[in-house]
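Undergrad: Input: one structure, supplied below.
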Amino acid sequence: MLAQQLVNGLLLGGIYALVALAFSLTIGILNFLNFSIPALFMLGGIVSCAMLSKGYGIGLSVAVALAVTGGASLIIERFTFRWLKNSDSHIPLVSSLGFLILFENLVVIYFGSDAVGYPSPFGGASIRVAKLLLSLPQLASFAISLALIVTCYVVVTRTKLGRGLRSIAESSVISEMLGVDVGRTVSGMYLISGLLAGMGGALFGISYLQVSWDMGSEVALKGISAMVLGGMGNIWGALLGAMIIAGVEVLTISYVSSEAVNVVVYGLLLLLILVMPNGLLGDRAILVERM
Amino acid sequence: MLLEVRNLSVSYGKVAAVNDVSLHVEEGSVATVLGANGAGKTSLLNAIMGVTRAQGTLRFAGQTISGWSSARRVSAGMALVPEGRRILLSLTIEENLLMGAYQRRDREIASDLGRMYELFPNLARRRNDPGSVLSGGEQQMLAIGRALMARPRLLLMDEPSLGLSPLFVREVFNLIHSLNSSGLAILLVEQNTRMALQAAQWGYVLKLGRLALEADTEELMKSDDLARAYLGDNTTAKHRLHA
């Protein structure tokens, strides 16, 4: 049934959008593809899962997971941006990739390499609306994702921190000259993107009831694709791209086969990039115009 | 004394852009730094603002500020109108003005914004347009307004008349006069020697990174030392290259 598949795609898209936005912030502001974001996504899922397994409530479990991912993101900032900002632009990228491998393997050591069931207190609760079966945790996750994305948009376009970030995106030298504490502001951005990725991981566990050490890599590829498709650095572009990627993915699984998913998704992405190299809503539009 | 620069040197790799320069700006006065292209004027201002690393001692309003971050220098009461205006093209005009007040935490930012719009009505009309829509002269006004939003005690201006139409040049210098009459101290770097000497009380001439001359501006205007120092006494330049 087409409508059901489209709804499933939409709900999955919310999580992709969070990851896409986490990538988009660092690309838009520092022009840097932060490869550690999949690790933070995974940590969000694994840490909240471990806390739930020990019998803690969902609120505390997610809060601890966010504290871990936010903290980890600030540590990564020290090693990718702060110490290496004067180095060749590929160095932070490699360093962030190092963090991805490090965190994934730490999780394999402590939690094993098998996928783990996510002991969500909501389980697979669902409601039926017309002929559609709607998973309540997925609906809630989608609503939370959307709220976070809108919040991010408001922060970037309407607040002092957002002005500082957009100013750094245009010129960190001028920002510094005007009195912006560039180091602290960039840390703030890393914290936000770490929290977005971590929340995405926890919501993924709550929605799909399974987490694993490599859950970040697959979702991150979709998130990067969503970001590129929508237009790098563009907040609404990340959301739109994520919806399209997730929709195509879900439709391919049900109408073609699950083996064909990656061929179709990335094939489509390649074609769209050929036609619209700046993405659907324009490259770096977050920095250049208000939507 | 508001600003005191002692033995300031700036080098890029092995090239010395500013070499052992000492100068000062009195409270409420206008001082000007003159010199040809490449004399080190911009490096000097950037070093005072803390954007460029430098050796030497900087004192501002009774405190030693060498080693302070730019942000801290802005809070202490310095603001720079940079060379080439450097407004933020992706931010709106109003956001550019607000960026000038980034270090401020008081509640008078909104009323200062209103004052800037009174001072620059052209900006008020287009406050929500991106900075990129402005002409060169208007961008200069925005860059000055942005610096004033920091409520500085000392305004550093790097070639504010460069590339402007004669009308805007006059406007910039009128503004310098009126800002100074209201008590603001200004350190003005200029290539428009005549206008700068009229605006300032004290003048410095930089040549190849070194202080070549300093005097009361009225004296500078009368003497031909200025022309000699400014236009380049080739023998000294050669000596320096060989040294």
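Each value in this text was obtained by applying a stated rule to the coordinates, not by laboratory testing. Given the structure is predicted, the values throughout are model-derived calculations rather than measurements. Positions of Cβ are backbone-derived with ideal geometry, glycine not excepted, and every protein chain shown enters the neighbour counts.
Undergrad: Taking the Cα centre of the protein assembly as shown as the origin, how large is its charge dipole in debye, to the nearest 20, when only Lys and Arg (+1) and Asp and Glu (-1) carry charge on their Cβ atoms?
TA: On the way: 41 positive and 37 negative charges, 94 e Å.
That gives the protein assembly as shown a dipole magnitude of about 460 debye.
Undergrad: Normalised by the number of residues in chain B, what is the relative contact order in percent for Cα pairs under 8 Å and 6+ residues apart? Before the final figure, lay out the partial values.
TA: Values: 454 pairs, mean separation 65.6, N = 243.
This gives 27 percent for chain B.
Undergrad: Here's something else I'd like to know. Please state, to two decimals, what the Cα-based radius of gyration of the range B:4-75 comes to when divided by 2.2 N^0.38 Å (N = residues). Don't skip to the end; give the middle numbers.
TA: Values: Rg = 12.0 Å, N = 72, 2.2 N^0.38 = 11.2 Å.
Relative to the 2.2 N^0.38 Å estimate, the range B:4-75 comes out at 1.07.
Undergrad: In terms of modelled amide H atoms, which long-range or inter-chain residues lie less than 5 Å from the amide H of B:Ala17?
TA: Amide H neighbours of B:Ala17, under 5 Å, 5+ apart: B:Val10, B:Ser11, B:Tyr12.
Undergrad: Does anything in the range A:104-138 have its amide N under 20 Å from the 7 Å Cα→Cβ label point of A:Ser53, and if so which residues?
TA: Flagged as within label range: A:104-124.
Undergrad: Can you tell me the orientation of helix A:215-230 relative to chain A, as the angle in degrees between its alpha-carbon axis and the longest Cα principal axis, to the nearest 10?
TA: So the helix axis and the longest Cα principal axis differ by about 60 degrees.
Undergrad: Additional query: Which of B:Asn192, B:Asn96, B:Leu123 sits closest to the plus end of the dipole of chain B, meaning its Cα is farthest towards the positive end, when Lys and Arg get +1 and Asp and Glu get -1 on the C-beta?
TA: In chain B, that residue is B:Asn96.
Undergrad: What does DSSP give for the protein assembly as shown in terms of the percent of beta bridges that are antiparallel, rounded to the nearest 5?
TA: Numbers: 27 of 45 bridges.
In the protein assembly as shown, DSSP labels about 60 percent of beta bridges as antiparallel.
Undergrad: Can you tell me the orientation of helix A:37-53 relative to chain A, as the angle in degrees between its alpha-carbon axis and the longest Cα principal axis, to the nearest 10?
TA: That works out to roughly 50 degrees.
Undergrad: I've got another one for you. Share of antiparallel DSSP beta bridges in chain B, in percent to the nearest 5? Write down the numbers at each step before the final one.
TA: On the way: 21 of 39 bridges.
Beta bridges within chain B, antiparallel portion: roughly 55 percent.
Undergrad: Dividing the alpha-carbon Rg of the protein assembly as shown by 2.2 N^0.38 Å yields what?
TA: Values: Rg = 28.4 Å, N = 534, 2.2 N^0.38 = 23.9 Å.
Rg over 2.2 N^0.38 Å, computed on Cα atoms: 1.19.
Undergrad: Any idea how far the Cα center of the range B:94-124 sits from the one of the range A:224-276, in Å?
TA: Here the answer is 43 Å between Cα centres.
Undergrad: Just from its helices, what would the mean residue ellipticity at 222 nm be for the protein assembly as shown, if runs of 4 or more DSSP H residues each count -39500 (n - 2.57) and the sum is divided by every residue, rounded to the nearest 500 deg cm²/dmol? Spell out each step's value before the answer.
TA: Details: 23 runs with 309 residues, N = 534.
Rounded to the nearest 500, it is -18500 deg cm²/dmol.
Undergrad: Calculate the dipole size of chain A relative to its Cα centre from +1 charges on Lys and Arg beta carbons and -1 charges on Asp and Glu beta carbons; express the result in debye to the nearest 20. Write down the numbers at each step before the final one.
TA: Values: 14 positive and 13 negative charges, 147 e Å.
In debye, rounded to 20, chain A gives about 700.
Undergrad: With +1 on each Lys and Arg Cβ and -1 on each Asp and Glu Cβ, and nothing else charged, work out how big the dipole of chain B is about its Cα centre, in Debye to the nearest 20.
TA: On the way: 27 positive and 24 negative charges, 143 e Å.
In debye, rounded to 20, chain B gives about 680.
Undergrad: First check a/c for the range A:49-107, with a ≥ b ≥ c the square roots of the eigenvalues of its C-alpha gyration tensor; if it is under 1.5, answer rounded, and if not, answer prolate when a/b is larger than b/c or oblate otherwise. Write down the numbers at each step before the final one.
TA: On the way: a/c = 5.33, a/b = 2.46, b/c = 2.16.
The shape class here is prolate.
Undergrad: Using per-residue counts of other Cβ atoms within 10 Å, averaged over each peptide, order A:43-53, A:107-117, B:156-166, A:213-223 from highest down. Write out the running numbers ahead of the final one.
TA: On the way: A:43-53: 25.5, A:107-117: 13.4, B:156-166: 20.1, A:213-223: 22.5.
Descending packing order for the listed peptides: A:43-53, A:213-223, B:156-166, A:107-117.
Undergrad: Give the peptides B:119-126, B:34-41 in descending order of average Cβ contacts within 10 Å, highest first.
TA: Details: B:119-126: 15.4, B:34-41: 20.1.
Packing proxy ranking, top to bottom: B:34-41, B:119-126.
Undergrad: State, as an integer percentage, the relative contact order of the range A:15-219 based on alpha-carbon contacts under 8 Å between residues 6 or more apart. Provide the component values of the computation, followed by the final result.
TA: Details: 303 pairs, mean separation 89.0, N = 205.
Value for the range A:15-219: 43 percent.
Undergrad: Name the shape class, rounded, prolate or oblate, that the alpha-carbon gyration tensor gives for chain B, where a ≥ b ≥ c are the square roots of its eigenvalues, rounded holds for a/c under 1.5, and otherwise prolate holds if a/b is larger than b/c and oblate otherwise. Write down the numbers at each step before the final one.
TA: Working: a/c = 1.81, a/b = 1.52, b/c = 1.19.
Prolate shape, in that a/c is at least 1.5 and a/b is the bigger ratio.
Undergrad: For B:His177, A:His90, what's the fewest-to-most ordering of other Cβ within 10 Å of each Cβ? Intermediate results must be reported in sequence, preceding the final value.
TA: Details: B:His177 13, A:His90 9.
Going from sparsest to densest Cβ surroundings: A:His90, B:His177.
Undergrad: What distance in nm separates the simple spin-label points at B:Ala16 and B:Ser178, each placed 7 Å from Cα in the Cβ direction?
TA: Going from the B:Ala16 label point to the B:Ser178 one covers 4.3 nm.
Undergrad: Say the dipole of chain A comes from +1 at the beta carbon of Lys and Arg and -1 at that of Asp and Glu; which of A:Ile76, A:Gly188, A:Leu221 then lies farthest toward its positive end?
TA: Looking along the dipole axis, the top candidate is A:Gly188.
Undergrad: If you wrap a convex hull around the Cα atoms of the range A:207-257, how much volume per residue is inside, in Å³?
TA: Values: hull volume 4.9 nm³, N = 51.
Roughly 95 Å³ of hull volume per residue.
Undergrad: Also, I was wondering about something else. For chain A, find the longest principal axis of its Cα atoms and tell me its angle to the long axis of helix A:235-255, 0 to 90°, nearest 10.
TA: Here the helix axis deviates by roughly 30 degrees.
Undergrad: Okay, next question. Picking from A:Gln138, B:Leu3, B:Met78, whose Cα lies most toward the positive end of the charge dipole for the protein assembly as shown (charges on Cβ: Lys, Arg +1; Asp, Glu -1)?
TA: Positive-end residue among those listed: A:Gln138.
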